[in-house]
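Okay, so here's the structure we're looking at.
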Amino acid sequence: MHRLEPPHRYLMGPGPSPVEGSVLAAQAKPIVGHLDPYFLKVMDDVSAGLRTVFQTANQMTFPASGTGSAGMEMAVHNLVEPGDVFVVGVNGVFGGRMAEVAKRAGAEVIAVDAPWGEAVSTDRLAETARRHHAKVVGVVHAETSTGVRQPIEELRPALGPEPLLLVDAVTSLGGIEIQVDEWGIDACYSGTQKCLSVPPGLAPVTFSDRAVHAVARRSEPVRSWYLDLNLLAAYWKDGSAARAYHHTAPISAIYGLHEGLRLVLAEGLESRWRRHSDTGRFLQDGLERLGFEMVAPAEHRLPQLTAARFPDGVDDAKARASLLHDHQIEIGGGLGPFAGSVWRVGMMGAGAKREHAIRLLQAIPAVIR
Ligand code: PLP
């Protein structure tokens, strides 16, 4: 084996996003034990930082071990018991994945579909939840396969107080506004490698008190031992004297998240949302000038993840390979029905910079020629 020498890429795909040097440096700091008082303080700081980015007072807020998909599995498997009705909005890959996870958890899954590129109708979600007495309604805030923003803020007033509201914020947290408490969200999960600009490996999660109570009152244990909130609660409770081994916390990854959150909070959430919005719009205008067509309508279009149809006659694989090898720029191809016609460009976290957009916009004419 030889020493690693990864290339320096401009990460402009759907994730991972670029990581600041101080975050990488934090991950190289000395390892302490995961029950060392020093580390317990790091955990408390990380939970507090996550409460701010999620805009919540939820006690049960922490980084689950695993990527965003672990957050999805944790949220779904804890909230759902076999036979529970789970209504899920499906307008792309990740809504479909949530439906599949809920099915595997034994839920009776009712999908409310929308065409790829559109938001799911709030009214249809609410009407379906009411008609079927849903226990949980699940939606994806930022659908990474289509660049569509789901208007989560409309949901709680439409749903009424009853169903638990579960939100996938993998591609939204730290990039666009999310208000867990104000919007009445009961469970929300994210990933570190998108707008938080931290390497992949952790899934920030938050659960409302009523979600925590619902999990505590389950009639059967959560089917996943690793992701069981009831078992993890004591470990992640702030300042808890009852902290005891459940699994070995990924120390270095949590150091990295600590530094990443420090950078987010130093920038300020609103400034960060504005930076994502400005740079996203700048990129989208430039792509349109080059003949690309936006997938999502302006009112539901994400700034941090742009899905755009490329002009006719472009050799998709060849053009993206040239971007990568000749220009060091990674972007994403289309998924599902968008494969071969759409590119996905991420301007997330430390990558949400005009210079990056300009670099890509200058490279595109050469690679699509
Ligand atoms: N949900 C959404 C919206 C995503 O974009 C992704 C990943 O891109 C996931 C869930 C899964 O996250 P991960 O790939 O970190 O497991």
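Every number here is computed from the coordinates shown, using simple stated rules; none is lab data. Remember, predicted model here, so these are calculated numbers, not experimental data. Note: ideal-geometry Cβ built from the backbone for every residue, glycine included; neighbour counts use all protein chains shown.
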Return the Rg/Rh ratio of segment 241-304 with Cα-based radii and a Kirkwood Rh. 1.25
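Rounded to the nearest whole Å³, what is the per residue volume of the convex hull around the Cα atoms of segment 56-198?
98
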Kyte-Doolittle mean at least -1.0 and Cα extent at least 20 Å along the axis: which DSSP H helices of the chain qualify? 37-54, 251-267, 354-368
Using a ≥ b ≥ c from the Cα gyration tensor of segment 1-108 (square roots of the eigenvalues), is it rounded, prolate or oblate, where a/c under 1.5 gives rounded and otherwise the larger of a/b and b/c decides, a/b for prolate? oblate
Cross-link pairs K103/K237; K194/K353; K41/K237 - those with Cα-Cα distance over 23 Å: K103/K237
Residue (of T122, A214, V109) at the positive-pole extreme of segment 29-266, dipole from beta-carbon charges: A214
Computed label-point distance, nm, for sites D123 and A28 using a 7 Å Cα→Cβ extension: 5.7
Just order 306-312, 61-67 by mean Cβ neighbour count inside 10 Å, highest at the front, would you? 61-67, 306-312
At 4 °C and a viscosity of 1.567 mPa s, what translational diffusion coefficient does Stokes-Einstein give for segment 285-363, taking Rh as the Kirkwood radius over Cα pairs? Give it in µm²/s as a whole number. 100
Restricted to Cα positions, what overall size does the chain have along the principal axes? Three whole-Å values, descending. 61, 54, 40
Modelled FRET efficiency - R0 25 Å, A158 with K103, Cβ distances, 0.05 increments: 0.50
In the chain, taking the dipole from +1 charges on Lys and Arg beta carbons and -1 charges on Asp and Glu beta carbons about the Cα centre, the listed residue (S197, G313, H8) farthest towards the positive end is H8
Quick check: Cα centre of segment 151-183 to Cα centre of segment 70-145, how many Å? 13
Describe numerically, in nm with one decimal, the distance between label points set 7 Å from Cα along Cα→Cβ at A321 and at Q179. 4.9
Report relative contact order for the chain in percent, whole number only (criteria: Cα-Cα under 8 Å, sequence separation at least 6). 24
E220 versus H132, label points 7 Å from Cα toward the beta carbon: distance in nm? 2.0
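What's the extension gain from A244 to A48 if we count 0.36 nm per residue and subtract their Cα-Cα distance?
Between A244 and A48, full extension yields an extra 68.6 nm.
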